[in-house]
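The structure appears below as structure tokens.
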2 protein chains.
Amino acid sequence: MAKSPSRKPRAVKGAAARPAAAKPVTIRDVAKVAGVSAITVSRALARPELVSPETLERVRAVVTRTGYVPNVLAGSLRTRRSRIIAAIFPQVSNTLFVEAIQALTERLREEGYQVLLGLSSYERREDELIAGILGRQPDGILLTGVSHAPETRRRLIAAHIPVVETWDLTPSPIDMLVGFSHEKVGAAMARHLLARGHRDIGLVWNNDARAELRRRGFLEVLAGSGIEPAATCLGPAPATFPRGREGLAQLLRSGKRFTAVACSSDPLAQGVIAEAQDRGLRIPADLAVIGFGDLDFAAHTTPALTTVGIDKVAIGRLAAEMLLARIAGREAGERIVDVGFTVIERAST
Amino acid sequence: MAKSPSRKPRAVKGAAARPAAAKPVTIRDVAKVAGVSAITVSRALARPELVSPETLERVRAVVTRTGYVPNVLAGSLRTRRSRIIAAIFPQVSNTLFVEAIQALTERLREEGYQVLLGLSSYERREDELIAGILGRQPDGILLTGVSHAPETRRRLIAAHIPVVETWDLTPSPIDMLVGFSHEKVGAAMARHLLARGHRDIGLVWNNDARAELRRRGFLEVLAGSGIEPAATCLGPAPATFPRGREGLAQLLRSGKRFTAVACSSDPLAQGVIAEAQDRGLRIPADLAVIGFGDLDFAAHTTPALTTVGIDKVAIGRLAAEMLLARIAGREAGERIVDVGFTVIERAST
DNA sequence: GGCGCGAATGGTAACGGTAACATCAAGGCG
DNA sequence: CGCCTTGATGTTACCGTTACCATTCGCGCC
């Protein structure tokens, strides 16, 4: 169309792709065909109650016939509401966050919001990622964790959009928060093992920020009973089964004696169990194992895994509610929500 | 709302939110401060090689100082390129797709693309979801599966954007395709059990579209040896551990004799194993179990699970490559890619 | 010395919606 | 009967960016 009278085909393989993308139908095209103005079409689609029944019907007919799809980008530009929520997670190939994502996405979808997924790969350039995402004008943003670069904090505040941090607690969130105390989780794990009579305890742990908090809580409780861990194997995120196996192998190699192993997450724990069983250790008789996360397999290993349960669905759903409330202008009830946790005692301890 | 020149605070808890969202910095603001035109700022950011070094530096300084964040929506509207890829999955709280999502997202991110996540909850209103998403003008779209409503197909074709279907094969994809043959997977599972000498076989299966294809392949091979399954327990998606337990319980209740159980996915298989062990059955001596998916726990159960491995990362990465190639105008090498599968023999059969 | 060329920069007009305000007809009411 | 209200629709401008087409200037070259 228009100017370029000389739009030459790109010579060589020209013909191949590009089905010329026939100029898409716009709201003005629909308006013309329906014999109304553009704004009336806009109203017919967005606020049908403002349009007379006859007009409405006519417009709808034309929309169906022409296959008109409103350009949300254009609308968002004008209204300054994108109906997009950005959600930043360290990763997804780890069941811990997935259920929250699911709950979040479904709840937001009910209100016409879409989720833009960002993966920050545990710290690596969260800031850059967020900077890029903010340009898309999300109406709200969900972050994982509460420790962010000062630059990131500044950017988010400057963006003037609701922000919900998740999976952790802090007295000074950027904006809103839904999570639980990792230190208390660690402490509860330690108390559980102590209550079972364990005094010689090994750790197979991850070194991401939140896992470190759990470890601190764990160690403090041990210290309160005058105990130090017998041995510790600390590895980088993400936590996987093989690392759990390797972790136990390493602890055993240290030559230290221990009757229980605490793990920073369930996959590590299952790895530890597998390795222990391969070496003929009985669980929990020879070795007690406790994990964290209550991933869906935890209840179904043999023996079933003692672990710490988190209501992941609640985190996702609450985060969605808080964002929605804020976007709607309602002041969300609480800005900080602690969803707590539960030590789930099963057969492995 | 509307008129109210007297924006009264909402009485009671008023003061709280709404920090008045000071009008955001635009490209013109930056231009003015830097003493250049808007288009020069645009070039400085998008194609720095077109701008003189001095100007570039000046513009960059102003950008940092003002905290300018380009409005991608406006840019996309003008250029007709959103740098968004929509990815539709039935669900995520099921590890099968998660690794593909991860690989997809990471690869796309490298090229400056963002992923818009859509969850279609296994068939429920995939069409509606896609209709909504197309309005956001994604530059490409990834679908799970190959069976879509005719309406959906029409919409996608009309959108004139690259489409990749995944996780299945068909000779007539909408556009591009990366997946594997579920029928062949089912057939391979059956052959594996037959080769192990099993003749009395139970099924614990899901009824989603692709699982049904695997079942068909499975049954055909059995039929080839004149065998019918001893008993079948068919349940709705998603596949979970508890359903696996329940599945085996149901098969046993049927009173039929069987020496092996095939499952439509690994979580079901692990559930079957757990239930069997609770009932004192030895695996694989009393009961052999085979799953599908090779989820990360499969190698670490006791006994380790025999299953069918899929290169999920390859699916995600390839889908990304194909979309990127097409967007860049290059004709992707193959439009249909079969990533195949592998029967992984472990201790459970 | 005139011309062509490339590098650097700018003015203007879209992109496709919707907010804001305007218009107009029909109906209620003193 | 004139005035105000309400419902339905239209006009215009603007959201913030970039494509497209100048324009300007310095420089090499015949």
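The values are calculated or read from the model by the stated rules, or taken from the named source; none is laboratory data. If you're wondering where the values come from, they're calculated on a predicted model, not measured in any experiment. Cβ sites come from the backbone with ideal geometry, for glycine too, and all protein chains shown count toward neighbours. When the accessible area is computed, the model is the full protein with side chains, heavy atoms only, and any ligands, DNA or RNA have been set aside. Shrake-Rupley method; radii C 1.70, N 1.55, O 1.52, S 1.80 Å.
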Point to revise | Label geometry 7 Å along the beta-carbon vector: B:S37 inter-copy distances in nm | key: 3.3
Point to revise | Neighbourhood net charge (14 Å Cβ-Cβ; Lys/Arg +1, Asp/Glu -1) for B:E99 | key: -2
Review point. Beyond 19 Å, what share of the Cα-Cα pairs of segment A:192-266 remains, rounded to the nearest whole percent?
Key: 31 percent
Study note, to complete from the structure: Along segment A:23-39, Karplus-curve 3J(HN,Hα) (6.51, -1.76, 1.60; θ = phi - 60°) to the nearest Hz, with x for Gly and Pro, reads 2, x, 5, 10, 5, 6, 4, 4, 4, 4, 4, 7, x, 10, 8, 4, 5
Point to revise | Amide H contacts of A:V289 (H built 1.01 Å from N, under 5 Å, at least 5 apart or other chain) | key: A:V261, A:T349
Point to revise | Sum of side-chain charges, B:T306 neighbourhood, beta-carbon under 12 Å (Lys, Arg +1; Asp, Glu -1) | key: -1
Check your understanding: Once you average over the residues of B:295-305, how many Cβ atoms of partner chains fall within 10 Å of each Cβ?
Key -> 6
**Study point:** Charge sum, other residues only, whose C-beta stays under 14 Å from B:L219's C-beta, Lys/Arg counted +1 and Asp/Glu -1
**Key:** +1
**Study point:** Highest-first arrangement of B:43-55, B:210-222, where packing means the average Cβ count within 10 Å
**Key:** B:210-222, B:43-55
**Study point:** Inter-copy spacing of A:G224 label points, which lie 7 Å from Cα along Cα→Cβ, given in nm from shortest upward
**Key:** 6.4
Point to revise | Under Karplus coefficients 6.51, -1.76 and 1.60, residue-wise ³J(HN,Hα) of segment A:199-206 in Hz, glycine/proline x | key: 10, 10, 10, x, 10, 10, 9, 9
Exercise for review: Grab the DSSP H runs of chain B that are 4 residues or longer, score each as -39,500 (n - 2.57), total them, divide by all residues and round the 222 nm result to the nearest 500 deg cm²/dmol.
Suggested key: -13000 deg cm²/dmol
Check your understanding: Between A:E110 and B:R199, what is the spin-label point distance in nm, taking each point 7 Å from the Cα along the Cα→C-beta axis?
Key -> 5.5 nm
Check your understanding: Assuming R0 = 41 Å, what is the FRET efficiency of B:S37 and A:K23, from their Cβ-Cβ distance, to the nearest 0.05?
Key -> 0.90
Revision key, fill the gap. For segment B:54-60, in residue order, the Karplus 3J(HN,Hα) values (coefficients 6.51, -1.76, 1.60; θ = phi - 60°; whole Hz; Gly and Pro = x) are 5, 4, 3, 4, 4, 4, 4
Check your understanding: Where does the Debye-calculated log10 I(q)/I(0) of segment B:106-224 sit at q = 0.09, 0.13, 0.17, 0.22 Å⁻¹, using only Cα point scatterers of equal weight, no solvent?
Key -> -0.35, -0.63, -0.89, -1.23
Practice item. Just the number, please: buried accessible area between A and B, total of both chains, 1.4 angstrom probe, nearest 100 square angstrom. Key: 5300 Å²
Review point. Mind checking which aspartates and glutamates have their C-alpha under 18 Å from A:K256, skipping anything on the same chain fewer than 8 residues away?
Key: A:D200, A:E228, A:E246, A:E275, A:D286
Check your understanding: Using only the Cα atoms of the protein assembly as shown, what do you get for the radius of gyration and for Dmax, in Å?
Key -> 28.1, 86
Review point. Hey, which aspartates and glutamates would be in cross-link range of B:K312, C-alpha to C-alpha under 16 Å, not counting anything within fewer than 8 residues on its own chain?
Key: B:E99, B:E106, B:E165, B:D168, B:D266, B:D294, B:D296, B:E321, B:D338
Practice item. For segment A:182-309, calculate the relative contact order in percent as a whole number, restricting contacts to Cα pairs under 8 Å that are 6 or more residues apart. Key: 24 percent
Exercise for review: Working from Cα positions, state the angle (0 to 90°, nearest 10) between the long axis of helix B:95-110 and the longest principal axis of chain B.
Suggested key: 30 degrees
Study note, to complete from the structure: Of the accessible area of the protein assembly as shown, computed with a 1.4 Å probe and all protein chains kept, carbon and sulfur make up a percent value of 52 percent
Practice item. Rank by packing, highest mean first: peptides B:141-149, B:228-236, A:128-136, with packing defined as the count of other Cβ atoms within 10 Å averaged across residues. Key: B:141-149, A:128-136, B:228-236
Revision key, fill the gap. Here the residues of segment A:325-349 whose accessible area is at least 40 Å² smaller with all protein chains than in the chain alone (probe 1.4 Å) are A:E331
Revision key, fill the gap. Per-residue average of other protein chain Cβ atoms inside 10 Å, peptide A:91-103 -> 6
Review point. What percent of all Cα-Cα pairs in segment B:27-70 falls in each 5 Å bin, counting up from 0?
Key: 5, 29, 41, 21, 3
Review point. What do you get when you divide the Cα radius of gyration of chain B by 2.2 N^0.38 Å, with N the number of residues?
Key: 1.33
Practice item. Return a whole-number percent for the relative contact order of chain A, with Cα pairs under 8 Å and 6 or more residues apart as the contact set. Key: 14 percent
Exercise for review: In Å and from the alpha-carbon atoms only, list the Rg and Dmax of segment A:222-309.
Suggested key: 12.3, 35
Study note, to complete from the structure: For chain A, the longest principal axis of the Cα atoms and the Cα long axis of helix A:182-195 enclose an angle in degrees, to the nearest 10, of 30 degrees
**Study point:** Accessible area expressed per residue, segment A:182-309, with surrounding protein chains retained (probe 1.4 Å, Å²)
**Key:** 36 Å²
Study note, to complete from the structure: What one gets for segment A:271-338 as the Kirkwood radius, inverse of mean 1/r over different Cα pairs in Å, is 14.8 Å
Point to revise | Calculated label separations, A:G112, copies of the chain, 7 Å along the beta-carbon direction, nm | key: 3.1
Point to revise | Solvent-accessible area per residue for segment A:94-138 (1.4 angstrom probe, square angstrom) | key: 33 Å²
Exercise for review: Determine, for each peptide in A:317-329, B:72-84, the mean count of other beta carbons within 10 angstrom over its residues, then list the peptides with the highest first.
Suggested key: A:317-329, B:72-84
Point to revise | Peptide-level mean, for A:67-76, of C-beta atoms on other protein chains within 10 Å | key: 6
Review point. Given labels modelled 7 Å from the Cα in the Cβ direction, how far is it in nm from B:S254 to B:R78?
Key: 6.5 nm
